[in-house]
Amino acid sequence: MRWRGVAPDVLLAASGVALDLLMSGKAGAGAAPDWLVPVFAVLVGAPMGFVRRRPVHVSLYLAAFLLFTDQIEAFTSNTAQILLCVAIGATGYLRGWLATLVAVVPGALATGLNIADPGTGFTGAAWVYSVGIPLLPALVGRYLRGPAGRLKEPEVTPDVLLAGAGVAVAVLGTWPMWHTSEQPAWVIVSFVVVAGLALGVARRLPAVVFLVEGTLLLLSNQAFSAATSTVHVLLLISVGVFAMRVASWFWNLVVYVAASFLASLVVVGSEGTVTGLKVGLMLVVVATPIAIGRYAGARQSAAEAERLRVRESERLAIAQLRADQLAERERIAREVHDIVAHHVGAMVLRASAARYAAPDGPVADALADIKETGHQVLEDLRGLLDVLRDPGGDAALLADPADVVTESAERMIAAGLLVDLDVDPALGEAPLVARASAARIVQEGLTNVLKHAGPGTAVRVGLAAGDGELLVEVSNGRPPTVREPLPSSGQGLAGMRERAKALGGTLSAGPDGGGWRLSVTLPYPKTKVTT
């Protein structure tokens, strides 16, 4: 799914600003004055609006901003750390390995300085965290750049990524308070990890996960205040996933109201005063993930509709090809019917004439039987004709194939083609079925030359019979002028190939010295056939 326009950039910037207001609103600006909280929120969040187009620049900026806020002990450093990981992940997804490395190295240095405590030695575990925290989103971005970027509904990859992102947000948002809280560190860690892992089933059970995150937020607000802001972030992520998966605006409104109520516990606080700014901030914070979720859901639905349209187009194209093949076979069947009816009719007439000339006896009885059987065959063929022949059936099927070829050449000459017709006198030795198919192929081949090369083009038509094969060749030279070809269905060549295949023959066609050459071979038994 590709997002276009400025709407996603605005949403990303608003999400970054809202995230810092959410995380730093209560803690303040640290050693700096509290009025810097909204300023820091804009400085750390607004650059996310450029992360799709300049992910490396945003990563370097956030790494520098992380160092600055860590030095002045501003709580915004936690937001900068999270957004830095997001920017590095976007770099891995949108850029190559070299650009990803350029983003990871400064990110690892800034993360290491953020983790290090003044006067404390840098341990091996700290080095692992310093490198691992920025490297993980980079690897995830590179992974999504491959086939995993085209995620399908049955796959578990997006669920694993959601669970991993949830745990990462939970750990990054609470680890500074693990040893300063009234509760044991392992209790807080277990609590936030469970809250993060719950996002792993958010795509499949969005309502259940929203209820779980809401319940955990209430518990953290009462007993684990150090994790309240982090769990609130996870709740907002579950709101965004719910909006993406559930298209009903009614249920999205229900979730919005419920999430706003829960957010009031964090944004307003039990001891704080209710102001218009806090209420407005709360409404914007909750509306942002819903807007992002609905936007992503709409784009996902549009992409799925496009995939279904492409599949349906492919299915219709295959169905059309099969219909054309069946239509061509039906025409062949009608020709076979006419050929057989022609010969059987001649046989019945000759048997009838011989019956009147022959004396009584076994010969006369045999001729009478031939006559009756022939009449029955003709009746059966007429019934078959009613099934096969449509109202627009071509009456020219009964014409002699040589006459059909001659008439086709004369018609094309009248249309402007320069036709050179070369018919082998031995062509009459070939079966009528093969000759009729050859005539049809010549008709279609000349029509294609007129459509694609235009009047004035020299065309050579050759028909030859020998060694049990009937050879058909239609070749044209370079068109005299450059012109737009006439409209064509593109099924003529497929029909000729199907006709040749039905008789066990082969067809080849392609460019030939600036023109086009069509060659068809139709095998037949080496027996002389009379008409």
Could you identify the single residue in L98, L109 that is in a helix (DSSP H, G or I), free of Cβ contacts under 8 Å to residues at least 12 places away in the same chain and either open to solvent by 20 Å² or more (accessible area, probe 1.4 Å) or touching a helix residue (DSSP H, G or I) at 6+ places or on another chain (Cβ under 9 Å) (or both)?
L98
Residue tally, condition open to solvent by 10 Å² or more (accessible area, probe 1.4 Å), within 39 Å of the chain's Cα centre (by Cα) and either of a type in the set (D, E) or on the phi > 0 side of the Ramachandran plot (or both), over the range 432-465:
1
Take the conditions open to solvent by 30 Å² or more (accessible area, probe 1.4 Å) and touching a Phe, Trp or Tyr at 6+ places or on another chain (Cβ under 9 Å) and apply them to E469. Does it pass?
yes
Quick test for you: out of V419, V405, pick the one residue that is within 26 Å of L503 (Cα to Cα) and surrounded by 14 or more Cβ atoms within 10 Å (Cβ to Cβ).
V405
Which count do you get for residues in the range 289-318 that are within 17 Å of P206 (Cβ to Cβ) and of a type outside the set (A, V, I, L, M, F, W, C)?
7
Can you tell me which condition Q183 does not meet? The list is (1) farther than 30 Å from F68 by Cα; (2) modelled with pLDDT under 75; (3) open to solvent by less than 40 Å² (accessible area, probe 1.4 Å); (4) part of a loop (DSSP other than H, G, I, E, B), and all the others hold.
(3)
Where in the range 402-484 are the strands (runs of 3 or more DSSP E), entirely inside, with at least 3 residues that are not aliphatic (A, V, I, L, M)?
458-466, 469-476
For E306, are the conditions met, namely being of a type outside the set (G, A, S), out of contact with any helix residue (DSSP H, G or I) (no Cβ under 8 Å at 6 or more places or on another chain) and within 30 Å of L12 (Cβ to Cβ)?
yes
Out of all the residues in the range 195-245, which are surrounded by fewer than 18 Cβ atoms within 10 Å (Cβ to Cβ) and of a type outside the set (D, E, K, R)?
L197, V201, L205, A207, V208, L211, T215, L218, L219, Q222, A223, S225
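The values are calculated or read from the model by the stated rules, or taken from the named source; none is laboratory data. These numbers were taken from a predicted model, which means no experiment stands behind them. Neighbour counts are summed over all protein chains in view; Cβ atoms, including those assigned to glycine, are modelled from backbone coordinates with ideal geometry. When the accessible area is computed, the model is the full protein with side chains, heavy atoms only, and any ligands, DNA or RNA have been set aside. Shrake-Rupley method; radii C 1.70, N 1.55, O 1.52, S 1.80 Å.
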